[in-house]
Amino acid sequence: MGKYFGTDGFRGEANVKLTVDHAFKVGRFLGWYYGQDHKAKIVIGKDTRRSSYMFEYALAAGLTASGADAYLLHVTTTPSVAYVVRLDEFDCGIMISASHNPYYDNGIKIISGTGQKIDAAIEEKIEAYIDGEVGELPLARRDQIGRTTDYVAGRNRYIGYLISLATRSFKNYRIGLDCSNGSSSAIAKSVFDALGAKTYVIHNEPDGTNINRDCGSTHIEELQRFVKERQLDLGFAYDGDADRCIAVDENGQVVDGDRILYICGKYLKEEGKLKNDTIVTTIMSNLGLYKALDRIGIKYEKTAVGDKYVYENMLANGNCLGGEQSGHIIFSKHATTGDGILTSLMIMETVINSKKSLGTLASEVMIYPQLLKNVRVADKKAARENPAVVEAIARAEQELGSDGRILVRESGTEPVIRVMVEAESDELCAKYVYDVIAVMKRQNLIVEG
């Protein structure tokens with residue numbers, strides 16, 4: 001973790017933690033860094049937050065002042081930026097979004113020329129420039145000053161690419177889409193309509209302040225209600241920048257990222273397309289997923305939380321499917337990042353080719369009850385390594401055995417210890433979570449308030 005950049009870019013409340021000056025300096029540095037031996041080309045996308053427009057202009061000003069050409073995709077998704085970067089050989093891409101956060105937050109995600117999250121070493125150099133730890137960068141002059149170009153055609157090519165991936169028509173399927181008043185509002189319906197679906201859309205009227213507000217993948221109850229009321233075949237909900245997807249089956253039941261991984265992984269294995277017969281998960285995936293995968297002979301890897309770490313593992317080991325419980329799903333044959341709309345298309349392929357409903361496919365995974373509590377502490381490392389706490393965790397692990405698990409980890413961004421238990425009942429989850437927290441209290445590790 002850097003001073004400004006976390007696992008998913010530079011994020012914070014607009015004009016408080018993340019300012020226009022920060023954005024301008026990020027643009028200045030990237031324009032200079034990539035333009036040292038040629039005229040840099042950098043593409044920018046944004047979500048629908050009100051502050052995204054000012055950050056777009058600040059980044060473009062910084063880039064062009066350093067001599068780079070800035071190409072504006074306007075409102076688009078994070079995965080579309082990753083696609084366009086690779087397709088049109090840009091030096092890097094920038095996505096302005098705070099993903100599932102409320103509208104008053106925003107973020108700057110930098111995507112490398114290969115469509116992946118940028119190297120931490122480059123982020124460190126940007127941070128040093130922001131803090132004035134390196135000399136001022138030269139300004140471009142005369143005809144070396146960069147230009148800004150409208151590049152909405154790049155977004156349109158991404159839409160065409162998504163449509164091209166579908167192997168079957170969606171005709172006769174009634175599909176609900178919750179666009180979260182975010183980036184997918186400009187893309188998702190066009191894709192499903194083109195594939196023949198009868199498409200019903202909610203929360204696709206962004207006004208700059210309603211992104212993620214009681215809608216989308218983090219408020220799935222809205223789509224559940226919509227699917228049941230309209231008697232739809234299934235539905236998909238995205239987050240603000242559409243790199244996540246959570247599904248809802250024909251009965252209005254949630255199909256989260258873990259179940260999506262199982263459904264798509266099983267289908268790919270049956271088709272002989274699941275490389276290494278392995279799925280990449282994070283440590284937060286549900287125990288029920290692992291038990292279901294064991295039953296059908298699919299192996300799995302576990303990484304730290306974050307789609308960045310999932311993709312690194314996939315790349316290193318040649319695996320083709322990975323993701324998170326939250327709905328970041330990566331199909332490495334088609335994309336380098338989580339892509340909510342692409343995930344929807346892959347689910348539809350599985351449903352259509354299997355001739356089974358989404359509810360039937362998802363029923364093979366029994367999701368174990370889970371309880372997660374965040375505990376504020378004075379020192380994360382000391383709390384996690386306290387002998388009494390370690391003993392309590394070991395005792396819980398022994399008593400839960402193979403029918404549950406406990407995970408106690410440090411937050412990457414806050415002075416917080418996260419205590420999570422999965423077990424066969426809510427009562428067992430609560431017992432072991434609060435047993436560990438009680439030990440922390442007795443050891444005077446917890447900061448009240």
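Just a few scattered comments:
- Given (1) assigned by TED's automatic domain parsing to the domain that holds Arg50; (2) out of contact with any Phe, Trp or Tyr (no Cβ under 6 Å at 6 or more places or on another chain); (3) not β-branched (Val, Ile, Thr), number of the condition Glu127 does not satisfy: (2)
- Members of the stretch 287-306 found to be outside any helix (DSSP H, G or I) and either assigned by TED's automatic domain parsing to the domain that holds Arg409 or surrounded by fewer than 16 Cβ atoms within 10 Å (Cβ to Cβ) (or both), listed by number: Gly297, Lys299, Lys302, Ala304
- Candidates Lys299, Lys381, Lys355 - the one that is modelled with pLDDT of 95 or more, among the charged types (D, E, K, R) and out of contact with any Ser or Thr (no Cβ under 7 Å at 6 or more places or on another chain): Lys355
- Hey, Tyr309 modelled with pLDDT of 95 or more and not assigned by TED's automatic domain parsing to the domain that holds Asp119 or not: no
- Where a residue in the stretch 152-170 is under 14 Å from Asp339 (Cα atoms) and touching a residue at least 12 places away in the same chain (Cβ under 8 Å) and its partner, wherever it lies, is among the acidic types (Asp, Glu) and crowded, with 18+ Cβ neighbours inside 10 Å, with Cβ under 6 Å and at least six apart: none
- Boolean, Glu410 is among the acidic types (Asp, Glu), modelled with pLDDT of 95 or more and either farther than 22 Å from Val305 by Cβ or surrounded by 13 or more Cβ atoms within 10 Å (Cβ to Cβ) (or both): no
- Scan of the stretch 395-413 for residues that are in a loop (DSSP other than H, G, I, E, B) and over 14 Å from Asp426 (Cα atoms), ordered by number: Ser411, Gly412, Thr413
- Subset of the stretch 176-190 (residues that are among the small types (Gly, Ala, Ser) and without any contact (Cβ under 8 Å) to a residue 60 or more places away in the chain): Ser190
- Within the stretch 415-444, residues that are outside any loop (DSSP other than H, G, I, E, B) have Cβ atoms under 8 Å from residues that are buried (at least 22 other Cβ atoms within 10 Å of the Cβ) and of a type in the set (Phe, Trp, Tyr) in these pairs: Val421/Tyr432, counting only partners at least 6 apart in sequence or on another chain.
- Considering Leu137, Leu195, the condition of being over 21 Å from the mean Cα position of the chain (by Cα), surrounded by fewer than 21 Cβ atoms within 10 Å (Cβ to Cβ) and closer than 30 Å to Ala58 by Cα is satisfied by Leu137 alone.
- Residue list for the stretch 191-231, filter: free of Cβ contacts under 8 Å to residues at least 12 places away in the same chain and under 20 Å from Ile159 (Cα atoms): Asp193
- Scope the stretch 243-286; condition farther than 18 Å from Tyr311 by Cβ, touching a strand residue (DSSP E or B) at 6+ places or on another chain (Cβ under 8 Å) and surrounded by fewer than 22 Cβ atoms within 10 Å (Cβ to Cβ); matching residues: Glu250, Val254, Asp277
- Conditions (1) within 21 Å of the chain's Cα centre (by Cα); (2) buried (at least 23 other Cβ atoms within 10 Å of the Cβ); (3) among the polar types (S, T, N, Q); number of the one not met by Thr7: (2)
- Of all residues in the stretch 307-321 being touching a Gly at 6+ places or on another chain (Cβ under 9 Å) and either assigned to a strand (DSSP E or B) or among the polar types (S, T, N, Q) (or both), the one that is farthest from Tyr262 (Cα to Cα): Asn313
The values are calculated or read from the model by the stated rules, or taken from the named source; none is laboratory data. These numbers were taken from a predicted model, which means no experiment stands behind them. Here Cβ is always computed from backbone atoms with ideal geometry, including for glycine, and neighbour counts include all displayed protein chains.
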